Amino acid sequence: MSNVERIREALLGPPSRDYFEQRAFAGWKPVAIIWEREIDQPGQAPPRSEEIPYGLQVAADCASLVENAAEKEVILKVMDGIVQDKRISGIAAGLNSEGYRTRSGSPWSPRDVFELLPRLIEVGPRVFPTSEWAERRQHLFAAV
């Protein structure tokens, strides 16, 4: 496998034809272009982008959110760890040892688990009454 070198350049104005020819002559090829423009519409804010809550994903219809099974499993594992009175660092280590990764693909850190706590509070009422949680709870208390 060959190595790939990439650079990112900020432009102060429109690039000239010579710019592209010089880059191509040096062996570079364009792989992405990012366009930007200013919006002159007073009183109308640009659409804002929000992070999708952990445990959910965009549905096939692109208009709603549905459960993400893998992320839900992580949420349940974190809840299990909290019920077992484990340290946050221990919960993160457990997730990593079982092969779970964050959305960005990195190993779980105590900070990542800590930042997930508000989401646990939010989804808790929907998870606790389910039969799945009742089975987990019996298993957890039997292990203690």
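The values are calculated or read from the model by the stated rules, or taken from the named source; none is laboratory data. Worth saying up front: this structure is predicted, and the values here are computed from it rather than measured. Virtual Cβ from ideal backbone geometry, glycine too; neighbours counted across all protein chains shown.
Descriptive notes on the structure:
- Close contacts from region 88-99, counting a first residue that is under 10 Å from P110 (Cα atoms) and a second that is of a type in the set (F, W, Y), with Cβ to Cβ under 7 Å and a gap of 6+ residues or different chains, come to I88/F114; A92/W108.
- Test: residue in region 32-52 that is surrounded by 10 or more Cβ atoms within 10 Å (Cβ to Cβ) and closer than 30 Å to A134 by Cβ: yes
- Qualifying residue in region 8-23 (condition: modelled with pLDDT of 80 or more, outside any loop (DSSP other than H, G, I, E, B) and either among the basic types (K, R) or in contact with a Phe, Trp or Tyr (Cβ under 6 Å, 6 or more places away or on another chain) (or both)): yes
- Residue ranges of helices (runs of 4 or more DSSP H) in region 77-144 with at least 2 members modelled with pLDDT of 95 or more and surrounded by 13 or more Cβ atoms within 10 Å (Cβ to Cβ): 88-97, 110-127
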